[in-house]
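First the structure, in the form of structure tokens, and then the observations on it.
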Amino acid sequence: MKNAMVKKIKAFTYIEVLFALLITILIFTILPSIFKTTHFIESHFTNQINLDLEFFAADLTRDLLKKDSQIIVNDIRKNTVVIKNNNKDMIYELKNDKIIKSINGKGNITLLNNVKSAEFKVINFKTLKINLQIIEKGNFYERQLYI
């Protein structure tokens with residue numbers, strides 16, 4: 001009996017256990033709201049087409065705002081637009097369900113994927129109206145961009 005009293009056994013005290021239990025309960029009460037928030041944010045970012053459209057519009061706007069740029073739309077093939085700028089011809093066209101940009105007929109930069117149809121139309125001299133029909137996850141989206 002003396003040996004049992006002499007040895008000091010290190011263990012948790014009651015206060016430490018209560019403190020650990022309090023932290024665990026706080027974490028478990030916060031988790032559902034964190035899951036709801038991340039699901040909400042995830043649903044906004046899963047719609048990748050909005051982000052792709054923003055990058056497409058920014059690229060097209062950047063090319064249109066350059067000095068001495070002119071828009072040329074072929075009335076027969078409405079899915080192609082040419083932006084002439086000094087010695088560069090930037091061609092945006094629909095090929096194989098993608099909108100592709102090429103400069104002076106060289107190189108292909110894919111700007112948008114899963115595009116079923118695209119129609120470019122010039123309104124005034126510097127305003128470009130773009131009608132897009134996009135497929136994402138089996139759903140059709142129709143978007144109009146004014147640049």
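Descriptive notes on the structure:
- Against the conditions (1) assigned to a strand (DSSP E or B); (2) farther than 19 Å from D59 by Cβ, I99 satisfies every one except (2).
- Residue within the stretch 33-49 that is at pLDDT 85 or above, exposed (fewer than 13 other Cβ atoms within 10 Å of the Cβ) and outside the structural domain of Q133 (by TED's automatic domain parsing) present: yes
- Residue match in the stretch 114-130 (condition: in contact with a Lys or Arg (Cβ under 7 Å, 6 or more places away or on another chain), of a type outside the set (D, E), surrounded by fewer than 12 Cβ atoms within 10 Å (Cβ to Cβ) and without any contact (Cβ under 8 Å) to a residue 40 or more places away in the chain): yes
- Residue match in the stretch 53-65 (condition: farther than 28 Å from Q133 by Cα, modelled with pLDDT of 85 or more and out of contact with any Lys or Arg (no Cβ under 8 Å at 6 or more places or on another chain)): no
- Identity of the residue in the stretch 84-104, over 20 Å from S117 (Cα atoms) and touching a strand residue (DSSP E or B) at 6+ places or on another chain (Cβ under 9 Å), that ends up surrounded by the fewest Cβ atoms within 10 Å (Cβ to Cβ): N86
- When the stretch 83-96 is filtered for residues that are part of a strand (DSSP E or B) and within 21 Å of L53 (Cβ to Cβ), the ones remaining, listed by number, are I83, M90, I91, Y92, E93, L94, K95.
The values are calculated or read from the model by the stated rules, or taken from the named source; none is laboratory data. Since the structure is predicted, the reported quantities are computational estimates derived from the model, not experimental observations. Counting neighbours? That spans all protein chains shown, and the Cβs are built from the backbone with ideal geometry, glycine included.
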